[in-house]
Amino acid sequence: MEVINFDIKNKIGVTSWETDSHENAHIVVNGNICKNCPHHLCIAGCPTECFKFYENEMVFQYEDCVECGTCDIMCDQGAVSWNNPRGTYGVKYSQG
Amino acid sequence: MESIQVIIIGAGPGGTSAAIRLAQNGFKVALIDRAMPVGSKNLSGGVLWGNDLAEILPEWQEEAPIERHIINKKVGFLSNDDSTVLDFNFNEWNSKPYNGVSILRAKFDDWLASKASEAGVAVLSGITIDSLIIENDQIKGVRQGNEELRADIVILAEGANPRLMLKHGLSFKGQKQFKRKDMMLGIKEVLTIDQKLLEERFLLEKDQGIAGEFVLGNIPGGIKAGGFFYTNKSTISLGVVIHLDSFPEDKASSAQHRTYKVQEYFKNHPYISRLIKDSTSIEYGAKLIPEMPIDRFPNFYGNGYLIVGDAAGFVFSNGIVIQGMNYAIKSGILAADTIIEANGNYSATKLAMYQKKLSNSYILKDFKKFKNVKKMTKNSKLFEIYPKAINTGFKEVFNTNGKSKNHAYKVILKSFKNSGMGFLSLLKDSSKIRRI
């Protein structure tokens, strides 16, 4: 079925963001912890695929985050530090 | 910003309803939201059920940006290729006050905040509060950067992902993180479609709408999820609600399963794909949905604060109904009434009357009455077995294939048996279904 190779990145282009600079990223992931994680549920959980495990490294990008908070709940290893973005930054729904 | 009496954090329906009620009673209120404009970070499935807003805005159904009023509710069971869908039509739902209306939160919440402004509330948008001011075990206000804003009491209406509550240990037992079993993830797309086509396809006359909710038996990997669609004026809100604790805790599973694929499996089901044909996605979003049982709710009040809406855990779900906004509005109004009656004494002892008000309202009555329903909504058979057994059973009843017909109930019972369910466990489950 086509769902198996579905690429979420093609879909989220319709949503809008006001992206803050890298030093103000609202989520910080400590990738050292991820190397020993038994499950990587952050990857399965994130609805916009901000997490990828690539060549034994957890790669995280905050830009596509819709601020749902799922990764903070999926990660029980203490690798995810989650804050709200600074005022006005982040996802910006026009429908909601 | 002199002499603010009440600070409210979060301009969703809960926080804004509290603000309006307080302003109508002469209180000086600051309503703070991190989005600019208000509403642009707010997301929900999309049906506001009930008429709680009438307590503060009697004419809201005339004025608010309502998409459609719901006259038709569908409840369906989807298995891989098949579906059984119950179709409820209630003529009464066609007249005001409407039982439910579809809304889009970016527009609706902005409108509600404008009503708060009109009532005299200071609406401060685009501000993320960093922390609460706590002195002598009493909340005294909020901080943002080097700035402080003080008030007599704070209402926390932060929503399903309440960072301030988690940071300051105001969640259940001071937990800094929610448990997977206590949260679901909602994913939603808004699909645009020609209005005339939408009305013809869904058999709707002017301003009438549909709310459809589905048990998804077509998701691989044992992932438990439900799906929904709601018709708006010329768009469809379509999404899924996923139990986060149904993802297996191993890397092999995480390499394969994705929450966002659940949405694709739902959209690709033949029953759904026919309904959304010729539509185009114009927005994609996601939000957490609290699902904790009543014994893991936070304390709803304490020295100098009250908690309302999703932040308090007030979302009702029983497998065929999922509602949050009405509970948010009602709890916001009750929090405001508590403050009005507290007469300037905002100690936990005095604010305990908020708990009493919640207990006397439908809010805690609903959660208490349905506290055992989780056993059903978390039951893997509901997702893995029932949709398939129901669909296969009915298919056999309706199929005309040269074989002699059998009594419907026998065929359907047989279908359940073939799907691995004994008669006893069916009986056991049906006593749980009674709880819905």
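Quick notes
- Across all directions, the average projected area of the convex hull around the alpha carbons of region B:180-290 is 7.2 nm².
- Taking every residue in B:243-256 and counting other chain Cβ atoms within 10 Å of its Cβ, the average works out to 4.
- Here the protein assembly as shown is treated as a Stokes sphere of Kirkwood radius computed over C-alpha pairs; at 20 °C and 1.002 mPa s its diffusion coefficient rounds to 89 µm²/s.
- Here is how the number arises for chain B: DSSP H runs of 4 or more residues each give -39500 (n - 2.57), the sum is divided by the residue count, and the result at 222 nm is -9500 deg cm²/dmol.
- Paramagnetic reach from residue B:368 in region B:294-310 [backbone N under 16 Å; point 7 Å along Cα→Cβ]: B:294-297, B:300
- Gyration tensor (alpha-carbon) shape descriptor, chain A, a/c threshold 1.5: oblate
- In terms of its C-alpha gyration tensor, region B:225-337 has an oblate overall shape, because the principal axis ratio a/c (a ≥ b ≥ c, square roots of the eigenvalues) is not below 1.5 and a/b does not outweigh b/c.
- Rg/Rg_globular for region B:305-423, with Rg_globular taken as 2.2 N^0.38 Å and Rg from C-alpha atoms: 1.73
- FRET efficiency for the residue B:62 to residue B:195 pair, using the beta carbon distance and R₀ = 25 Å, is estimated at 0.70.
- Highest average packing first - B:406-415, A:67-76, B:294-303, Cβ atoms within 10 Å: A:67-76, B:294-303, B:406-415
- Taking the DSSP bridge list for the protein assembly as shown and keeping only pairs wholly inside it, about 75 percent are antiparallel.
- Total charge dipole magnitude, region B:182-262, about the Cα centre, Cβ charges on Lys, Arg, Asp, Glu only, Debye to nearest 20: 200 debye
- Modelled spin-label separation between residue A:5 and residue B:345, with each label point placed 7 Å from Cα along the Cα-to-Cβ direction: 7.0 nm.
- Working from label points 7 Å from Cα in the Cα-to-Cβ sense, the residue B:355 to residue B:418 distance is 5.4 nm.
- Seen from every direction in turn and averaged, the convex hull around the alpha carbons of region B:183-225 projects onto 4.7 nm².
- For chain B, the orientation-averaged shadow of the C-alpha convex hull comes to 23.2 nm² (one quarter of the hull surface).
- Counting only other chain Cβ atoms within 10 Å of each residue's Cβ, the peptide B:172-185 averages 3.
- Averaged over peptide B:279-285, the number of partner chain Cβ atoms lying within 10 Å of each residue's Cβ comes to 6.
- Check: chain A dipole with +1 on Lys, Arg Cβ and -1 on Asp, Glu Cβ, in debye: 80 debye
- Taking other Cβ atoms within 10 Å as a rough exposure proxy, B:22, B:166 sort from fewest to most as B:166, B:22.
- Prolate/oblate/rounded call for region A:1-52, Cα gyration tensor, a/c under 1.5 rounded: oblate
- Convex hull volume of the Cα atoms of region B:385-433, normalised per residue: 73 Å³.
- Listed residue (B:265, A:22, B:281) projecting farthest to the positive dipole end of the protein assembly as shown, Cβ model: B:265
- According to the Cα-based calculation, Rg over Rh for region B:9-129 is 1.08, with Rh computed by the Kirkwood formula.
- Both numbers refer to the Cα atoms of region B:126-181; Rg and Dmax are 12.0, 37 Å.
- Dipole magnitude for the protein assembly as shown: about 2340 debye, using +1 per Lys or Arg Cβ and -1 per Asp or Glu Cβ, origin at the Cα centre.
All of the numbers you see were taken from the coordinates with simple rules; none came from a lab. Just so we're clear, the structure is a prediction, and the values are computed from it rather than from any experiment. Positions of Cβ are generated from backbone atoms using ideal geometry, with glycine treated the same way; all protein chains shown enter the neighbour counts.
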